[in-house]
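The values are calculated or read from the model by the stated rules, or taken from the named source; none is laboratory data. Keep in mind it's a predicted model, so treat the numbers as computed, not measured. Note that each Cβ is placed from the backbone with ideal geometry, even for glycine, and that neighbours are counted across all protein chains shown.
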Ligand SMILES: *Cc1c(COP(=O)(O)O)cnc(C)c1O
C-alpha cells in the first residue's frame, strides 16, 4: 500500500481523536524522520518532547534489544534489576527519595494526586480535601489528570471529574492564596507550562508558593513531564529555580520512546502517604521500560546532554528572536531552554502544514503558538535549517 492508501485505512480503523498530518512515518535517525515514501523530515517535535537522545541511538537500541532477549515483563510482586537501577538513577537525577514507575504521564499525575490525598487523609481522617491547579495547565487526559488541567474545553464534556479542584493563575501568588482553605492538600503546577502556551513560572512566584505550602503543610506537586529531563538546561526544572517540590512527575523523555512515567516524592511524604495496597500497576516499571530509563539516564550523563542544551540555548533563542523581529505576525518568543514557543497573531495550523510539505515537523501549543521541543541533541546547523524553512512558510 502507498501512503495515501494507508491513511485511508487509518481513517477507517482508528478513532478520530487527532487531526493528523498527512504523512505516514516509517523510520528515524538522529533528528530526522522518514516517511513511507522515503521523504526526509527535520524533526523539531521529537514525539512531543520524548525522543531526547534522537532516533536510532545505537546504545539505547542495543540496551533494549538485550533486555528483550532476557526478560520483558514480570509482575511488580517481584523485584527486577533494571527497575532497581532505574530507580536509583531517577532518585539521583530528580533529587527525590522514592519512585513509583507508571506507563504514562497522565498515570504519574494520577499517582501524585492519590499520594497527596492520602497524606491529607492520614493527617485528619477526612476525605474532602482540595487541590489547587493552574489555569492553562496540562496534566493529561485521564479523569484525575483532566480534573487538574486548566483548559475548560478539554474538561467540559467529561464532567463530573474528581471534585474539589480550584484553579489559580500561574505567576499570580494572590490568586493562589485566595483559593487556599484549611481543606487544601496540594498545589499542582508545571514549572514551565508546555501545552498551555510555554509559560515559565517566575522564581518569585514559586518561592512564595513554596513558603505557603511549608506554612500550611500543603504538598507542592511539580509536573515535570514535559519540562523535566534536561529540557530547561537542568535535569529537572526545579533545580534551575532551586525550589524543590514534595511530589514530582516525570514521563515523556524518561523512557525516550518506551512508554514510561514516574511519580516521585520526598521521604517524609512517602512515609506518610501511599503504602501497601494503596496503588499498583501491571506494566509500570517492567524490565523493558526500566532498562530504557536506566540507559537514557546513563546516556544523558555520558553524552553531556544538559551541557549541550545550555550551550546551544542562547543561539536557539537568538534565531527565534530573529524570526519574531522579521515577521509582524509573530508577537513574541517565549520559553526556556529547548522548550520554546513563537506566539502568532493568527492560528498556526496552515504554517505548520506548509512546513511539513517542505520537510520540517513542528507542533502547535494551542491554536496560536508554534512549539519547539526538539531532541536535545540538535545542533546550530539544525536550528539554521529549521529557521530557513520556517521563514519560507510564514506570510504576512
Ligand atoms: C504530556 C504531558 C502529560 C501527559 O502525559 P501522557 O504520557 O500523554 O499521559 C502530563 N503533563 C504534562 C506537563 C505533559 O506535557
Filter the strands (runs of 3 or more DSSP E) completely within the range 254-357 down to those with at least 1 residues that are more than 16 Å from the ligand (Cβ to nearest atom) and under 21 Å from residue 88 (Cα atoms).
261-265
Condition first: under 20 Å from residue 309 (Cα atoms) and surrounded by fewer than 17 Cβ atoms within 10 Å (Cβ to Cβ). Now tell me which residues in the range 337-384 satisfy that.
379, 380, 381, 384
Could we say that residue 47 is touching a residue at least 40 places away in the same chain (Cβ under 8 Å), within 21 Å of residue 378 (Cβ to Cβ), within 16 Å of the ligand (Cβ to nearest atom) and outside the structural domain of residue 141 (by TED's automatic domain parsing) here?
yes
Which condition does residue 107 not pass, out of (1) away from the ligand (no atom under 11 Å from the Cβ); (2) farther than 18 Å from residue 185 by Cα, if it passes all the others?
(1)
